[in-house]
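What follows draws every value from the coordinates through simple rules; no lab data is involved. All figures in this text were calculated on a predicted structure; none of them were measured in a lab. Quick reminder, even Gly has a Cβ in these numbers, built from the backbone with ideal geometry, and neighbours come from all protein chains shown.
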Amino acid sequence: MKSIAELEEIRKKTLEKISLRTNADGIRVVVGMATCGIAAGARPVMNAFVEEINKRSLNNVSVSMTGCIGVCKLEPVVEVIDKDGNKTTYVKMTAEKAARVVVEHIVNGQVCLDLTIGAVEK
Amino acid sequence: MHLYRAHVLVCAGTGCTSSNSVKVMEEMNTLLLANKLDKEVQIVKTGCFGLCAEGPIVVVYPEGAMYTRVEVSDVKEIVEEHLLKGRIVKRLLAGEKEAEDISKSLEGVDFFKRQTRIALRNCGLINPENIDEYIAFDGYKALEKVLTEMKPEEVIDVMKQSGLRGRGGAGFPTGLKWSFAAQQVNDVKYVCCNADEGDPGAFMDRSVLEGDPHSLIEAMAIAGYAIGSSQGFVYVRAEYPIAVKRLQIAIEQAKEYGLLGDNILGTGFKFDLEIRLGAGAFVCGEETALMTSIEGHRGEPRPRPPFPAVKGLWQKPSILNNVETYANIPVIILKGAEWFSSIGTEKSKGTKVFAIGGKINNTGLVEVPMGTTLREVVYDIGGGIPKGKKFKAAQMGGPSGGCVPAEHLDIPIDYDSLLSIGAMMGSGGLIVMDEDTCMVDIAKFFLEFTVDESCGKCPPCRIGTKRMLEILTRITEGKGEEGDIEKLEELAKNIKTAALCGLGQTAPNPILSTIRYFRDEYEAHIKDKKCTAGVCTAMLQYTIDAAKCKSCGLCAKVCPMNCISGEKKVPYVIDQAKCAKCGACVEKCPFKAISKI
Ligand SMILES: Cc1cc2nc3c(=O)[nH]c(=O)nc-3n(C[C@H](O)[C@H](O)[C@H](O)COP(=O)(O)O)c2cc1C
Ligand code: SF4
Ligand code: SF4
Ligand code: SF4
Ligand code: FES
Ligand code: FES
């Protein structure tokens, strides 16, 4: 059983981990995996990210899932959060687009503007 | 095998080739040789990167620098700066030249900016299968707080002061409900959660279960502490497999951490949670039916009183709350009743989650402060109606609710305002309808649903709704009679007062509200045998305008019934008796000679 102090410890550690403030160059990829995301094809997208990231041995990048972000018509939705906490929301993702995001954004630091929510909403 | 220290990928796809990538590659070759880099750097021809418009594309690994629109004259710089000196040529990097004025993240778009997320605070933010992430965002801190700093009565007081009302439909004050159960003297009490979510088109509760299951667990434990219960049940419909799985994982993790079970956080408080699967009957969302179903019986409602707070699950004092209601609770405990009650309207506090669907650009899930107008939800967040069509009405509250017509678009969304215009908050399904929707048909749709879902226990609901459906069906078939509207109103009144449970009591709502706001449509169906929206096929006719018809014969070719005939130079005609009203011919006619009247 965890004590209250232990919970506080987990709170601190995990927050650091997910907000990446202490991790010099970590990037977090978060894939929306609620029912509508999965129905729209979030699984192959998630797999593509994992695959591309492994292929390039990018060990400072983590891929995780989350629940409904709310914009179901733009699913699959993926958010890339860089080391400074800047968030980019990619929408209507596919495995191919995922590969591009890995090369251009994650490796090169160049946001794929044309795939972001702002561009698609325009 | 020779090992290279760098790879230069040059796109040799069709797009880049046409934008001169071959020349770029040749130049690269020449310069690598000239700089004696040919043994260290390998040129690789690749297929299309999908960025043809930005071609020619050159990517240099290991850095993975992607250069776009590389001209032959740029190659020298790439070789001398990047490959020789290891300095990336920023000027040529992809994206550098693109406009920066579009918002890159969800937070930057109107859809998100106008929302206030309390119940959905963690949805889309944390990994629902990782308890540590929930804890990181202050998860289980509220439970900590109530167990170590608050008496059960204090918890209930906070709930009362916050003004939180049930999000499952009726809007009963949560603190009050808890206080009734807390007052009961009994060794055994139960805390239940309604995750049945039966309304067509609604998925708010599913999203919370899928995106933030721990917030429900934490809230139910808090409720358990407040009313003196050590056992909870979550009733979820079996059609929600992902939700069920994530909740299961969350419960296991919470048990592992000692946040469920005996002696929680070393405070001596004991609380456990179990999942019960429902088979997906709408009536099982009604509180007494739900409890009967958890007990293992057929989910039929029973008369109240006694209310569940006195005699609920297994005749023990029980409370039942909706998933979204619970999801608000940990934050209220942490941020205080005052904070929560500062959001919303005088009598409806906090926020409400809506699943918006139908004829709207941004379908999805939104959480807005109570009192936000329907217009803001539909236009500012929902992005308006597709194809520039007109807003006709929004059906709110599912089969128990009613419709809000355009004239009430500026109504603030809260429990009482909606009731005052014959609609209802309900659980949060919001279906937008445009000018192409027939309101009689919509009423019929919802009534079909209730007729199917009626449990059959009491005659007003079992027989009455069926009779109403028959009348509606007749009207939509063009066989409406004078007096039908009055008959519907009469039946509605009787069913509302005589039905045993909420299902029957609210079944007539969609009919009453459509009659109230769109009586003219009912009358057009009955008197003129016309469906103005062009939906009820029985009253439609497809006809060819002889003046516009050029006798091309295209329509006759697509007609599945072979009921269009004609010949050269003579306008074509449709044999009305055989026409199946599929509309295929309208789309086909290049001269727009066919119309639906
Ligand atoms: C026919 C019928 C169906 C219902 N379905 C649901 C449902 O799916 N989900 C829900 O939370 N409440 C549903 N309710 C309302 C519940 O009976 C109950 O009022 C609610 O769960 C209480 O929680 P709250 O106070 O947090 O809203 C339904 C009521 C009726 C009469
Ligand atoms: S009103 Fe309908 S659903 Fe409710 S008990 Fe009667 S027959 Fe069953
Ligand atoms: S509506 Fe369909 S069935 Fe009728 S005439 Fe046109 S194509 Fe034929
Ligand atoms: S397609 Fe149009 S123009 Fe051609 S025969 Fe049919 S109605 Fe006439
Ligand atoms: S589940 Fe992804 S936005 Fe709804
Ligand atoms: S051909 Fe080069 S990116 Fe498409």
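Figures for the structure shown
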{"read-out": "Hull-based mean projected area of region B:439-527, where the convex hull spans the alpha carbons, in square nanometres", "value": "4.8"}
{"read-out": "Relative contact order of region B:439-527, defined on C-alpha pairs under 8 angstrom at six or more residues apart (%)", "value": "40"}
{"read-out": "Per residue convex hull volume, Cα atoms of region B:541-596, in Å³", "value": "64"}
{"read-out": "nm² value of the averaged projected area, convex hull over the Cα atoms of chain A", "value": "8.6"}
{"read-out": "Efficiency of FRET between A:Asp84 and A:Glu6 - r from beta-carbon atoms, R0 22 angstrom, step 0.05", "value": "0.15"}
{"read-out": "Point-charge dipole on Cβ atoms (K/R +1, D/E -1) for chain B, about Cα centre, debye to 20", "value": "1500"}
{"read-out": "Max mean-square fluctuation residue, GNM over chain A, Cα-Cα springs under 10 Å, options A:Lys55, A:Lys73, A:Lys92", "value": "A:Lys55"}
{"read-out": "Residue-averaged 222 nm ellipticity for chain A, from DSSP H runs of 4+ at -39500 (n - 2.57), nearest 500", "value": "-10500 deg cm²/dmol"}
{"read-out": "Mean Cβ neighbour count within 10 Å, used as a protection proxy, ranking B:69-81, B:160-172 highest first", "value": "B:160-172, B:69-81"}
{"read-out": "Chain B, relative contact order [Cα under 8 Å, separation at least 6], %", "value": "11"}
{"read-out": "Cβ-based charge dipole, chain B, positive-most Cα from B:Ser230, B:Met561, B:Ile463", "value": "B:Met561"}
{"read-out": "Mean Cβ neighbour count within 10 Å, used as a protection proxy, ranking A:101-107, B:450-456 highest first", "value": "A:101-107, B:450-456"}
{"read-out": "Global geometry of region B:131-340, whether rounded, prolate or oblate, following the gyration tensor of its Cα atoms and the 1.5 cut on a/c", "value": "rounded"}
{"read-out": "Chain B - mean residue ellipticity at 222 nm from DSSP helices (-39,500 (n - 2.57) per run, n ≥ 4, rounded to 500)", "value": "-10000 deg cm²/dmol"}
{"read-out": "At R0 = 25 Å, FRET efficiency that the Cβ-Cβ distance of B:Gln183 and B:Ile275 yields, to 0.05", "value": "0.30"}
{"read-out": "Listed pairs B:Lys557/B:Lys581; A:Lys17/A:Lys73; A:Lys12/B:Lys151; A:Lys2/B:Lys316 exceeding 23 Å between Cα atoms", "value": "A:Lys17/A:Lys73; A:Lys12/B:Lys151; A:Lys2/B:Lys316"}
{"read-out": "Neighbourhood charge, 12 Å Cβ-Cβ cut-off, centred on B:Gly168 and excluding it, Lys, Arg +1 and Asp, Glu -1", "value": "-3"}
{"read-out": "Segment B:Arg519-B:Leu176, length gained on full extension (0.36 nm per residue, minus Cα span)", "value": "119.5 nm"}
{"read-out": "Residues listed by number, region B:431-451, amide nitrogen under 20 Å from B:Met561 label point at 7 Å toward C-beta", "value": "none"}
{"read-out": "Calculated FRET value between B:Thr543 and B:Glu490, using beta carbons and R₀ = 56 Å, to 0.05", "value": "0.90"}
{"read-out": "10 Å Cβ neighbours from other chains, averaged over peptide B:115-127", "value": "4"}
{"read-out": "Whole-number Å³ per residue for the convex hull built on Cα positions in the protein assembly as shown", "value": "200"}
{"read-out": "Cβ neighbours within 10 Å from other chains - mean over B:359-369", "value": "3"}
{"read-out": "Gyration tensor verdict on chain B (Cα atoms; rounded if a/c is under 1.5, prolate if a/b is larger than b/c, oblate otherwise)", "value": "oblate"}
{"read-out": "Ranked by how many other beta carbons lie within 10 Å on average, peptides B:336-348, B:205-217 from highest", "value": "B:205-217, B:336-348"}
